[in-house]
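Taking it in order: structure first as structure tokens, then the write-up.
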Amino acid sequence: MAIATVYWIPENIEWIFWLVIFIICAYLIAKDAPGRYFLHGLLVSIVNSIWITIAHIMLYTTYVANHPSWLAMNARMPLAEHPKRMMAITGPCIGVISGLILGVFAVIASKMVKRRTQVAP
């Protein structure tokens, strides 16, 4: 998604891709995590936000060319004169917020998914 959101996925339908990713991640966490589903969801999103933020900063010119609403929103934010710094701050914050959502999805999925049984050696 880090690269796809820069080049190919328009911002008006990006949420659909994130919803699908959250559902898939929640399923995988519920199926394979050894418990603490909420924490796993939270941490997956935080780590994910780090490399997405790095990609968006590295590809800043292309990102803002394809996301004009982000540029308009940033103009009203603190650090408007330093948009890459603003990305570096807001990216992980969005990661925490999306992590809370993925955590809830993972807990819900854990109630619906049959876990793999571990075979003793």
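The values are calculated or read from the model by the stated rules, or taken from the named source; none is laboratory data. Being a predicted model, the structure only gives us computed values, none of them experimental. Counting neighbours? That spans all protein chains shown, and the Cβs are built from the backbone with ideal geometry, glycine included.
Among the residues of region 30-69, those that are under 15 Å from the mean Cα position of the chain (by Cα) and over 13 Å from Ile101 (Cβ atoms) comprise Leu39, His40, Leu43, Val47, Ile50, Trp51, Ile52, Thr53, Ile54, Ala55, His56. Could you grab me the full set of residues in region 50-71 that are of a type in the set (Ser, Thr, Tyr) and in contact (Cβ under 8 Å) with a residue 24 or more places away in the chain? Result: Thr53, Tyr60, Thr62, Tyr63, Ser69. Cβ separations smaller than 6 Å between residues 6+ apart or across chains give the following pairs from region 72-83 residues that are at positive phi to residues that are hydrophobic (A, V, I, L, M, F, W, C) and surrounded by 12 or more Cβ atoms within 10 Å (Cβ to Cβ): Leu79/Met86. Being on the phi > 0 side of the Ramachandran plot and without any contact (Cβ under 8 Å) to a residue 12 or more places away in the chain: is that true of Arg36 here? Considered against the rule, which asks whether it is on the phi > 0 side of the Ramachandran plot and without any contact (Cβ under 8 Å) to a residue 12 or more places away in the chain, Arg36 comes out as yes. Within region 26-35, the set of residues being modelled with pLDDT of 95 or more and not aliphatic (A, V, I, L, M) comprises Tyr27 only. Contact map, region 10-28: residues that are without any contact (Cβ under 8 Å) to a residue 24 or more places away in the chain paired with residues that are in a loop (DSSP other than H, G, I, E, B) and loosely packed, with under 15 Cβ neighbours inside 10 Å, Cβ distance under 7 Å, separation 6+ or inter-chain. Pairs shown: Phe17/Met1; Ile21/Met1. Would you pick out the residues in region 1-41 that are within 26 Å of Met58 (Cβ to Cβ) and either outside any helix (DSSP H, G or I) or among the aromatic types (Phe, Trp, Tyr) (or both)? Selection gives Met1, Tyr7, Trp8, Ile9, Pro10, Glu11, Asn12, Ile13, Trp15, Phe17, Trp18, Phe22. Inside region 9-25, can you point out the residues that are surrounded by fewer than 12 Cβ atoms within 10 Å (Cβ to Cβ) and either basic (Lys, Arg) or modelled with pLDDT under 90 (or both)? Result: Pro10, Asn12. Residues in region 42-90 that are in a loop (DSSP other than H, G, I, E, B) and either closer than 23 Å to Ile24 by Cα or modelled with pLDDT under 90 (or both): His67, Arg76, Met77, Pro78, Leu79, Ala80, Glu81, His82. Remark: Ala72 matches the filter, which requires a residue to be farther than 17 Å from Val113 by Cβ, among the small types (Gly, Ala, Ser) and more than 15 Å from the chain's Cα centre (by Cα).
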